[in-house]
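These notes are about the structure you will find just below.
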């Protein structure tokens, strides 16, 4: 049954409400990171139960692609939720809407966290011996197939690359990145300056070892089918689908504020102009999810209600039930711009 659910989910990474619920219902479109599909599916049902005149439509993609749907493909969305809060200022605050100088957004709410690790199944090669100490040795073996999401479209992808580079520093072993990730054509290159490492991602590349998918959740079917043995994955997603999960040392799993200085030694940078107004640099820092309502949202008041629901008790319950750690209390970077009805639930942060 789990395989069937995953296959249905991953065929498009889109879940819509059941047709026939009534054309007079208000459609609330939520575009979110693929790793939020399971908790947001629970929230969809609960929110609709409290708002019988609303049909919540949730749609999942890699986090970068989530924002591109609005800023480059001009899709109308009521709520945007991504797995890396820094993408919103980078890609929405600095991008004006067509025929206006107004940005797509000027506030965000940080509401959840996660940790990065490695998921696998009991059928994966060397499943009986892999652990949190020898993981990079096992994943470096020539007969082991490893999967990552595409760093050009998904935050889990560039975080996987950063984790492998952090592992080299943590274990004092400069062969880990090449052993686990392998080579690309053209190459993924590195720049080092004063102990700080930039991972440079080319516009077009062909991996010679790893399997690359558009989002982390898209790797699930390849794990289940045995096409790959291991994949870099958020813990919440691995737990949601009943997969095995290797917990990495906290110094490299991007989960701890106490290790922030260590994480900051690495960054990923796109070596091309992917977006209209910015050249993104993704910094090594603790994983934090965030939401906003685009300035051109069709139903901004209802969108604010949905966000209030997500960060409220019912939303936190759904997050907890699906292994997604909530950030309590949630934070905002711009209280003055945040809808007033949810401001009293927030803390202000830089």
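Number of residues in segment 51-62 that are more than 23 Å from residue 160 (Cβ to Cβ) and either in contact with a strand residue (DSSP E or B) (Cβ under 8 Å, 6 or more places away or on another chain) or in contact (Cβ under 8 Å) with a residue 60 or more places away in the chain (or both): the value is 8.
For every residue, the table says whether it meets (1) closer than 21 Å to residue 214 by Cα; (2) at pLDDT 95 or above; (3) not assigned by TED's automatic domain parsing to the domain that holds residue 150.
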residue: 13; (1), (2), (3): yes, no, yes
residue: 23; (1), (2), (3): no, no, yes
residue: 30; (1), (2), (3): yes, yes, yes
residue: 41; (1), (2), (3): yes, yes, yes
residue: 48; (1), (2), (3): no, yes, yes
residue: 53; (1), (2), (3): no, yes, yes
residue: 58; (1), (2), (3): yes, yes, yes
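Quick check on residue 336: is it surrounded by fewer than 16 Cβ atoms within 10 Å (Cβ to Cβ) and not in a loop (DSSP other than H, G, I, E, B)? So residue 336 fails the test. Of the numbered criteria (1) farther than 18 Å from residue 66 by Cβ; (2) touching a strand residue (DSSP E or B) at 6+ places or on another chain (Cβ under 6 Å); (3) in the same structural domain as residue 52 (by TED's automatic domain parsing), the one residue 307 fails is (1).
Those helices (runs of 4 or more DSSP H) of segment 215-308 in which at least 2 residues are touching a residue at least 40 places away in the same chain (Cβ under 8 Å) and more than 27 Å from residue 189 (Cβ to Cβ), considering only elements entirely within it, cover 220-225, 235-240.
A quick yes/no check of all residues on (1) surrounded by 22 or more Cβ atoms within 10 Å (Cβ to Cβ); (2) in contact (Cβ under 8 Å) with a residue 12 or more places away in the chain; (3) touching a helix residue (DSSP H, G or I) at 6+ places or on another chain (Cβ under 6 Å):
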{"position": "41", "(1), (2), (3)": "no, yes, no"}
{"position": "49", "(1), (2), (3)": "no, no, no"}
{"position": "64", "(1), (2), (3)": "yes, yes, no"}
{"position": "67", "(1), (2), (3)": "yes, yes, yes"}
{"position": "72", "(1), (2), (3)": "no, yes, no"}
{"position": "84", "(1), (2), (3)": "yes, yes, yes"}
{"position": "98", "(1), (2), (3)": "no, yes, no"}
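Against the conditions (1) out of contact with any strand residue (DSSP E or B) (no Cβ under 8 Å at 6 or more places or on another chain); (2) within 21 Å of residue 150 (Cβ to Cβ), residue 80 satisfies every one except (1). Return yes or no: is residue 105 surrounded by 16 or more Cβ atoms within 10 Å (Cβ to Cβ), within 25 Å of residue 63 (Cβ to Cβ) and in the same structural domain as residue 240 (by TED's automatic domain parsing)? No. Please enumerate the residues belonging to segment 162-193 that are surrounded by fewer than 23 Cβ atoms within 10 Å (Cβ to Cβ) and closer than 16 Å to residue 281 by Cβ. The answer is 188, 189, 190, 191, 192, 193.
The values are calculated or read from the model by the stated rules, or taken from the named source; none is laboratory data. This one's a predicted model, so the numbers in the text were calculated from it and none came from an experiment. Here the Cβ is made from the backbone with ideal geometry for all residues, glycine too, and neighbour counts use every protein chain on show.
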